[in-house]
Amino acid sequence: YRVTVSTVSNSDILIDMKVSLLVRENIILRTLEDADAQEFFDITKKNNTYLRKWLGWLDDDMTVEDTKKYIQESNKRFENKEGLDLGIFYEGKQIGGIGLFPWDTANKKISIAYWLVEEYQGKGIMTDSLKKVIEYAFTEMGLNRIEVTVALENVKSSALPKKLGFTLEGIAREGNWLYDHFVDLEV
């Protein structure tokens, strides 16, 4: 794990917290930077039709500037111990993301969300990435509980928590608005 803190003169502290997790030789999870905005934007737009089936935030990301704003807000959330967003990079190319939020420090729990472009699915990338993030959350973030909510009909995504030992606690009926309809969520 790598977390860095940078300082500047006059006793002012500029916190520059970055997380980088090596999953496999060719897979790295890391916090995003402004320089990643164009690639993040391009990959979500290129894969928009596929990702829209389950991700409700795509309409909030209409320009590269929107993406930069998201990245900056995401990094601020991590500095404030409110959440953590990581890009999934395969051979240096961003192919997905994992988000941990909201970070409930009092109760030592968090929710996890994840996405991966279609062409990289079925290669164990998300399974291995989630394992690494879960390990980081329990050991480095000091969490006691991680919750996953997945659309009931999203069979591929729903299989991952079960494969990783999560327990199905119930169904949240109409738990998420997805553009023009509600979907039920497995918790």
Cα gyration tensor, segment 91-187 - rounded (a/c under 1.5), prolate or oblate: oblate
Convex hull projection area averaged over all views, the chain, Cα basis, nm²: 11.6
Rounded Å value of the spacing that divides the Cα centres of segment 114-159 and segment 29-59: 17
Residues in segment 30-62 that a label on GLU119 would reach, taking backbone N under 17 Å of a point 7 Å out along Cα→Cβ: 39-52
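Once a ≥ b ≥ c are taken as the square roots of the eigenvalues of the Cα gyration tensor of segment 101-157, is the result rounded (a/c under 1.5), prolate (a/b larger than b/c) or oblate (a/b not larger than b/c)?
oblate
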The chain: calculated mean residue ellipticity at 222 nm from DSSP helix runs of at least 4, using -39500 (n - 2.57): -8500 deg cm²/dmol
Relative contact order, percent, the chain [alpha-carbon distance under 8 Å, six or more residues apart]: 16
Estimated FRET transfer efficiency (PHE101, GLU25; beta-carbon r; R0 35 Å; 0.05): 0.75
Per residue, in Å², the accessible surface of segment 62-142 once ligands and nucleic acids are set aside, probe 1.4 Å: 48
Accessible-area composition of the chain, carbon plus sulfur, in percent [1.4 Å probe]: 49
Förster radius 30 Å - calculated FRET efficiency between ALA35 and GLU169, Cβ distance, rounded to 0.05: 0.15
Nitroxide proxy distance, nm - points 7 Å out along Cα→Cβ at MET17 and TYR50: 3.3
Isotropically averaged projected area of segment 23-121, using the convex hull of Cα atoms (one quarter of hull area), nm²: 6.6
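The values are calculated or read from the model by the stated rules, or taken from the named source; none is laboratory data. From a predicted model like this one, the values you see are computed outputs, not experimental measurements. Neighbour counts are summed over all protein chains in view; Cβ atoms, including those assigned to glycine, are modelled from backbone coordinates with ideal geometry. For the accessible areas, the whole protein counts, side chains as well, though only heavy atoms, and no ligand, DNA or RNA atoms are used. Shrake-Rupley method; radii C 1.70, N 1.55, O 1.52, S 1.80 Å.
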